[in-house]
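Scroll down for the structure; my scribbles are underneath it.
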Amino acid sequence: MIYHGNRFTLRADASPEQVEEALESLRNQGRVIPSVKSFVVGRDFGGEYEWGAVFVIEDLEGYWQYLIHPAHRNTDRVGLPVVDRFMSYDITDDADPEMGAKITALHQKRYDSDPELTQLVSGLGEYSGSAAPEKH
């Protein structure tokens, strides 16, 4: 299993409507993407971020299906413009020592095939973690 997590802080100028649209889009990902086995979206406590989401996915094939699903792309479109700081992480019980590199490669493949997504990500104040695009 792979637990894909996001932690984020929103821009100070994000309206309550924009915030709710972004959070609802994250919840919708969990409801409609077939490879998501369970999920949680909510406040992030005990750190430097305001919000978080975790999606449980069975394997790399399901992870890729999650990444390219239209519901995920919608969250990018409505959510990234209101995010200031973003951090992604993945936790897995898979014993493959290359799992981290494989997850990073999936994200990079997505960026390489979607210039609009890459542009949205470039507008973030800070972006780190397993889903962050490679710096060239």
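Taking the range 84-127 as the search range and keeping residues that are over 22 Å from residue 56 (Cβ atoms) and of a type in the set (Ser, Thr, Tyr), which one is nearest to the chain's Cα centre (by Cα)?
127
Counting only residues that are touching a Phe, Trp or Tyr at 6+ places or on another chain (Cβ under 6 Å) and part of a loop (DSSP other than H, G, I, E, B), which one in the range 1-48 is surrounded by the most Cβ atoms within 10 Å (Cβ to Cβ)?
33
Would you confirm, using the coordinates I've provided, whether residue 119 is closer than 20 Å to residue 22 by Cβ and surrounded by fewer than 16 Cβ atoms within 10 Å (Cβ to Cβ)?
yes
Cβ-Cβ below 8 Å, separation at least six or inter-chain, first residue in the range 1-14 and over 30 Å from residue 59 (Cβ atoms), second modelled with pLDDT under 95 and of a type in the set (Asp, Glu): which pairs?
9/48
Against the definition (assigned to a helix (DSSP H, G or I) and acidic (Asp, Glu)), how does residue 90 come out, yes or no?
When the stated conditions are applied, residue 90 does not pass them.
If residue 44 satisfies all but one of (1) acidic (Asp, Glu); (2) closer than 16 Å to residue 80 by Cβ; (3) touching a Lys or Arg at 6+ places or on another chain (Cβ under 8 Å), what's the number of the condition it fails?
Residue 44 satisfies every listed condition except (2).
Which pairs turn up if I take residues in the range 20-36 that are touching a residue at least 12 places away in the same chain (Cβ under 8 Å) and farther than 22 Å from residue 60 by Cβ and look for partners that are in a helix (DSSP H, G or I) and among the hydrophobic types (A, V, I, L, M, F, W, C) with beta carbon separation below 6 Å, at least 6 apart in sequence or on another chain?
Close Cβ pairs satisfying both conditions: 21/78; 22/78; 22/82; 25/78; 28/71.
(1) outside any helix (DSSP H, G or I); (2) touching a Pro at 6+ places or on another chain (Cβ under 8 Å): which one isn't true of residue 111, the others all being true?
Among (1) outside any helix (DSSP H, G or I); (2) touching a Pro at 6+ places or on another chain (Cβ under 8 Å), the lone unmet condition for residue 111 is (1).
Checking the condition in contact with a helix residue (DSSP H, G or I) (Cβ under 6 Å, 6 or more places away or on another chain), within 22 Å of residue 111 (Cβ to Cβ) and in a strand (DSSP E or B), which residue from 71, 53 passes?
Going through 71, 53 in turn, just one is in contact with a helix residue (DSSP H, G or I) (Cβ under 6 Å, 6 or more places away or on another chain), within 22 Å of residue 111 (Cβ to Cβ) and in a strand (DSSP E or B): 53.
Could you tell me which numbered condition residue 56 fails, if it satisfies all but one of (1) modelled with pLDDT under 95; (2) surrounded by 16 or more Cβ atoms within 10 Å (Cβ to Cβ)?
In the conditions (1) modelled with pLDDT under 95; (2) surrounded by 16 or more Cβ atoms within 10 Å (Cβ to Cβ), residue 56 misses (1) alone.
Out of the residues in the range 1-33 that are among the charged types (D, E, K, R) and touching a helix residue (DSSP H, G or I) at 6+ places or on another chain (Cβ under 6 Å), which is modelled with the highest pLDDT?
The extreme case among them is 21.
The values are calculated or read from the model by the stated rules, or taken from the named source; none is laboratory data. Just so it is clear, the model here is predicted, and its values are computed rather than measured. Glycine gets a Cβ as well: all are built from the backbone with ideal geometry, and neighbour counts include every protein chain shown.
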